[in-house]
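Comments concern the structure below.
The values are calculated or read from the model by the stated rules, or taken from the named source; none is laboratory data. All figures in this text were calculated on a predicted structure; none of them were measured in a lab. Virtual Cβ from ideal backbone geometry, glycine too; neighbours counted across all protein chains shown. Only protein heavy atoms, including side chains, enter the accessible area calculation; ligands, DNA and RNA are left aside. Shrake-Rupley method; radii C 1.70, N 1.55, O 1.52, S 1.80 Å.
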Amino acid sequence: MRFIDKSMSVSELIKGLNSKEFSSVEITKEYLTKIREIDKDLNAFITVTEETALKTAEQSDKSRNTNNDLPKLSGVPFGIKDNICTKEIKTTCASAFLQDFIPSYDAFVSETLKNLNAPLLGKLNLDEFGMGSTTENSFFGATKNPYDYSKTAGGSSGGSAAAVASGEVPFALGSDTGGSVRQPAAFCGVVGMKPTYGRISRNGLIAFASSLDHIGILSKTVYDNALILSELATHDKNDATCLNLPKENFTETIFEGVKGLKIGIPKEFFGEGLDSEIRESVILATKVLEEAGAELVEISIPHLNNAIHAYYIISSAEASSNLARFDGIRFGKRAEKFSDITELYKNSRSEGFGKEVKRRIMTGTYVLSEGQKDKYYEKALKVCENIKCEFESIFTKADIILTPTTPTAAFDLNKKNSPVQMYLNDIFTVPANLAGLPAISVPCGKTQKGLPIGVQFIGKKLDEKTLYKTAFSLEQEIKF
């Protein structure tokens with residue numbers, strides 16, 4: 001067996017498994033060794049599932065010895081964000097409230113990958129209940145950035161991005177409510193895709209904001225990402241929001257290139273607040289694509305500055321409703337000291353939830369309260385509709401939209417930014433969630449200090465194939 005290093009892509013692993021250059025058990029052991037060596041410092045994992053992973057790897061190898069027609073991801077290890085349910089394996093949401101919660105069922109994506117015989121290496125760190133941009137809101141401590149341990153890996157899927165970037169896993173699943181796959185992907189120099197709302201089932205994803213939550217994919221390469229989406233994008237009758245569409249192969253058009261493609265460049269995304277190194281790198285990416293045959297079109301998204309406000313009102317309102325079920329009665333943390341049922345609710349939630357989760361619950365409860373709902377929540381929904389209309393108008397002039405993924409590169413951990421400053425970090429990513437559009441972040445360069453920079457592509461609804469071929473074209477030219 002050749003040495004399995006962190007540069008190996010999913011495609012390379014599949015090729016090696018099929019040629020029997022190595023077995024699934026061998027590569028699974030390599031990744032588990034890597035996790036043992038570095039994760040005590042990196043802190044990407046909350047739970048490592050060594051026994052489960054090796055058992056699945058053995059099953060894959062046994063099947064491969066008797067059957068050459070196996071699913072593509074059979075035997076390929078992966079990690080999964082710890083807000084996605086895994087049967088008989090802890091699912092904590094990085095919260096004290098659920099630190100000992102063991103689901104009795106698998107999320108749809110967990111079950112899908114289990115049926116493909118993909119070994120689960122473990123559950124990955126996040127901001128508590130997906131609420132944050134740094135993983136510093138995790139009950140289990142922050143995940144470090146693999147490029148610089150003094151920097152954040154981003155969030156909320158920081159553990160997923162860091163695990164892929166560091167070579168602890170070949171690919172990982174995360175969730176994206178306002179940028180939680182794309183932002184950490186940009187910070188950690190990996191590919192992060194949030195597909196169209198409903199493309200991947202949310203069944204078994206512990207809800208933050210149901211109308212905005214997406215399950216997304218983090219990988220080393222664009223091709224890997226497309227390959228994984230091809231396996232996960234199937235209909236789930238148990239998720240009313242999951243689209244019933246024919247199964248697609250998202251890799252089949254990836255080599256077509258961008259000749260003749262119209263790429264929209266929104267002027268609002270390149271204004272005040274964008275770091276100069278980010279701007280320079282993203283503009284270079286536009287020139288690379290233009291030289292490859294794409295046509296650049298200047299566009300405008302006037303409601304961009306309203307998007308972040310609408311997002312935090314809608315997401316907090318939905319969080320307030322979704323997290324009402326965590327009451328200390330049915331599952332999760334229960335306070336030891338209480339005099340009546342009301343005090344049990346109050347004490348359990350006060351002790352179980354962290355500061356940021358409490359902040360968003362309180363905000364959401366306020367904007368839904370009598371006298372405030374029309375003033376805030378209803379207006380936010382109208383802004384959301386305006387943004388959807390703006391995107392529809394833009395896509396009559398452009399095939400795809402290019403923007404920076406984040407205003408800055410990864411920043412220092414423990415920086416103690418105000419909540420408002422942290423929320424503004426999502427300004428470029430939230431519009432795609434409000435509109436339910438597919439969006440992908442791809443590495444496009446590094447800062448002078450060696451930190452990754454990401455460029456974001458936003459596509460038409462259900463047009464992931466155009467996103468992938470554009471991102472792949474850029475990836476081949478830049479060779480990050």
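The table for this structure:
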quantity	calculated
Some residue of segment 183-196 being under 24 Å from C242 (Cβ atoms) and either surrounded by fewer than 24 Cβ atoms within 10 Å (Cβ to Cβ) or free of Cβ contacts under 8 Å to residues at least 24 places away in the same chain (or both)	yes
Selected residue [modelled with pLDDT of 95 or more, open to solvent by 20 Å² or more (accessible area, probe 1.4 Å) and closer than 30 Å to L424 by Cβ] from A142, A94	A142
Residue, most open to solvent (accessible area, probe 1.4 Å), within segment 58-91, restricted to residues that are of a type in the set (D, E, K, R), part of a loop (DSSP other than H, G, I, E, B) and under 21 Å from S180 (Cβ atoms)	K90
Entirely in segment 203-303, the strands (runs of 3 or more DSSP E) that have 1 or more residues that are touching a helix residue (DSSP H, G or I) at 6+ places or on another chain (Cβ under 6 Å), more than 30 Å from E12 (Cα to Cα) and in contact (Cβ under 8 Å) with a residue 12 or more places away in the chain	262-266, 295-299
Odd one out for E356 among (1) assigned to a helix (DSSP H, G or I); (2) surrounded by fewer than 21 Cβ atoms within 10 Å (Cβ to Cβ); (3) without any contact (Cβ under 8 Å) to a residue 60 or more places away in the chain; (4) of a type outside the set (V, I, T)	(3)
Segment 382-422 - residue that is farther than 21 Å from E277 by Cα and touching a helix residue (DSSP H, G or I) at 6+ places or on another chain (Cβ under 7 Å) and, of those, surrounded by the fewest Cβ atoms within 10 Å (Cβ to Cβ)	P419
Long-range neighbours under 6 Å by Cβ, at least six apart or interchain, first residue of a type in the set (A, V, I, L, M, F, W, C) within segment 26-37, second in a helix (DSSP H, G or I)	L32/E50
Search result, residues across segment 309-331 that are aliphatic (A, V, I, L, M), under 25 Å from the mean Cα position of the chain (by Cα) and either open to solvent by 50 Å² or more (accessible area, probe 1.4 Å) or at pLDDT below 95 (or both)	A324
Segment 104-117, residues that are in contact (Cβ under 8 Å) with a residue 24 or more places away in the chain and part of a loop (DSSP other than H, G, I, E, B)	Y105, D106, A107, L116, N117
